[in-house]
Amino acid sequence: MSKTVTLKPNPKLLNANFDGYKLSSEANVTLYTQPLTEGVEKRKNSSNCYLRTRLEALHNYFFGDPFHPLCVYYFSNRGHLVKCNYSEDSRLSVGEVVWQADVSRSSEEGSEEDGAGSGQYHASVHFPSHDLAVVNNGQGSLHILETQDRTLTHSWLVSFESSTEESVIVHTCLQAGSDHKRYLHCLLLSVTTPQDLMSNPQYVIVDEKLEKSKVSAVHLIHWLTITYNGATWEISRTRTVAGKGILEYCSLDETASGLIVLCHKNYSFIEDVTVWMNIGSTTKKDLKVQVTAQELSVHVQDHHILFGHLSNPVQADLVTWILNDDKLELTLPKASEGVVWQGLFDSSDMHGEEVLDPQMVEEVNQRLAHLTSDLWNPNPDAEKPPYNPGQLEACDEASEDLLMIRLDGSTHNISNLGQLGPTQHLFNSRVDETKVPAFCLRHDVDGILWQPSGEDTFTHVATYNAFGYVKASKTMAKFTCAAPDISYVAVADVKSHIYVFFQPEAFGGELRNRKSGKRMNTVARQLVISMKTHSEILGLHTSPNVLFVLTDQTIYAYCLRSQ
C-alpha cells in the first residue's frame, strides 16, 4: 500500500504583498568572454520521436560542479572535457582539458533510422563527490574518474569503465559503507520503443501494460549501483524503470533506497473514475465510505445507502472522496489502464437508477456546443475567435496532472504517491552539494522550491515571488536555472536574451509609491541581458554571483552586482 505524499507550503515563506520586479540597468553587470578553441560537441538528432527530440532540444551543454560553483565544464567536438572557472584574480580562465572521451562514432551512423532509440546521445558528466566524476559518452560507455583536487590543473585518471545503454546521466550519489566500501548510484535516462523494451531480457522492472499500450516511445531510467571494495569498482546491481509521457524530475531519495520521479499523469498508467452521489444533509462524521478492489460501500449514520460489486477492479488504497453541498464525490483510480467502464457496478448489482451529474452534463454540452447548430454552416466567415489567445498562459495548457512517485528500490513497488493536480513544473536546482536536487513548482503566481529529504518528506525551502506568472510569459524559454544560494533565477531564450530575477534585497533609504503612498525598504530587481551575438544558447549555469552562458563559439561570464 502506497503512502500519500502532500506538499504543504510554509506560509512564512510566502509574500502576499509582493509588489513586482523593478527593471535594473545592465550597466551593473560586468561581462567577461573567452573564445572556444574547439567547437562544442553537438549531435544531430534525426529522430521523429517527441520524447527523444525533447530530451535532445533541452540538453544543457554546460555541466556545473556543485562542490566548486565557479567551475563549469563542457565537451568539445573532439571529445575533450574542458574546464573553465571564474575567480576574482584571473577572472574567466582559458579552457583546460581534463579528460578525453571517446566520441569516435559519428552521429550519422544512426541517421538511417528515425525511431525513438536511434542515434547516440550527448556526452554528460556528474560529480558525486569532491574527488570523483562520472562520465557517460552517450554511446554506451560509462567511466568513473579520479579527479583529486579539482581546483588544480591536472588530467583525471580512469578508475572504472563499463559498457551501458546509450543514455545521458541525470543523477549520481555516493554513499559510504562498512570496511572502506563505497556505493556509487547512477541514474541514466534514455528513450526506446515498447517493442524493443519488452524483447530485451535485461530490463527487470517493466510494467506489463506497456505491451498493450499504443504509445510509440517510452522513457527508460537505468539505476546502476557500483560498489568500491577498497581496491576496484564493480557493478553490483542494475535496475530499469520504464514509463510513457513527459518526465520532469528524476532523482534518488536521500538514503538512495528509492527512486523519486516527478512526471505527468499519463506517465504512471493511472486513470480515474469519478462518482457523484446526492446524499442529503450530513456531516463527515456520519459518513463512512469503504472501498475494496471490487466493492464499494457507503453508510450514512449506520444506514446502508449504497453497496455494489464494481464492474472492474480499482486501486483501493488510492481512493479519495470529498463532501461538498450535500454531494459526495469519490475518485476511484482504475487498476488497469485503458479499460473502458460500461457502468459503475457489474450486471448482478443493477439496482436503483443511475443519474448523471447535471453539472457534468452541462460541461460536456458546452464543450460540444461548437460542433452543433440548427443551421448548416451558420457563420463561415467569423472574424472574432471565441477567446483571446494572447490572454492564455502556458499554465492554462496544463491539462495533465503532475504526479510525485517514489519507487522502492527493494520491492520495486510504488511506496509513495502524490497527486499534485494541474501544477506547472518550473525548473530543478541543486541548493546543497550534500543533498539531492530540489524542484520548483508553481503555486498560485509564485514558484516554490521543494527539497526532498528522507523517503517521503518534501520541505518548502524558498519562494520565487511571482515567478510562476513570469515563466508562463516566456514562450521562447529554453533553460531555467537558479543560483545555489537562492539569490536569483535566470531564464534563457533560445537566442540572444537572458532574464534574471533577483530575490528582494534591502537598500539604503526608502521608496514611496507616489500614487498609493506605500513605502518599502526592499526591492526585487529584474535584469534583461541582451547578448551581442545571435547564436543559439547551448548552455546556462548559475553560481552565487556569476552567470555562465555557452554558445557554439564563446563562453560568457556575467558578473552580477547588487545595486
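The values are calculated or read from the model by the stated rules, or taken from the named source; none is laboratory data. Note that the structure is predicted; figures quoted are calculated from it, not measured. Neighbour counts are summed over all protein chains in view; Cβ atoms, including those assigned to glycine, are modelled from backbone coordinates with ideal geometry. The protein model used for the area step is the full one, side chains on, heavy atoms only, and it has no ligands, DNA or RNA in it. Shrake-Rupley method; radii C 1.70, N 1.55, O 1.52, S 1.80 Å.
In table form, for the structure just shown:
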| read-out | value |
| --- | --- |
| Packing rank of 77-83, 53-59, where each peptide gets the mean count of other beta carbons within 10 Å, highest leading | 77-83, 53-59 |
| Set of lysines near LYS334 by C-alpha distance (under 24 Å), chain-local residues within fewer than 8 positions excluded | LYS3, LYS209, LYS212, LYS214, LYS244, LYS265, LYS288 |
| Accessible area expressed per residue, the stretch 440-562, with surrounding protein chains retained (probe 1.4 Å, Å²) | 41 |
| Whole-angstrom gap from the stretch 127-192 to the stretch 420-435, using each part's C-alpha centre | 23 |
| Partners for LYS532 among lysines (Cα-Cα distance below 25 Å; same-chain residues under 8 apart left out) | LYS22, LYS42, LYS83, LYS471, LYS474, LYS478, LYS495 |
| Positive-end residue, the stretch 488-563 charge dipole about Cα centroid, Cβ charges, pick of SER535, THR554, HIS497 | HIS497 |
| Calculated from backbone phi, Karplus (6.51, -1.76, 1.60) coupling profile of the stretch 522-532 in Hz, x at Gly/Pro | 10, 9, 9, 8, 10, 10, 10, 9, 9, 6, 7 |
| Accessible area of SER496 in the full protein assembly, 1.4 Å probe (Å², nearest 10) | 10 |
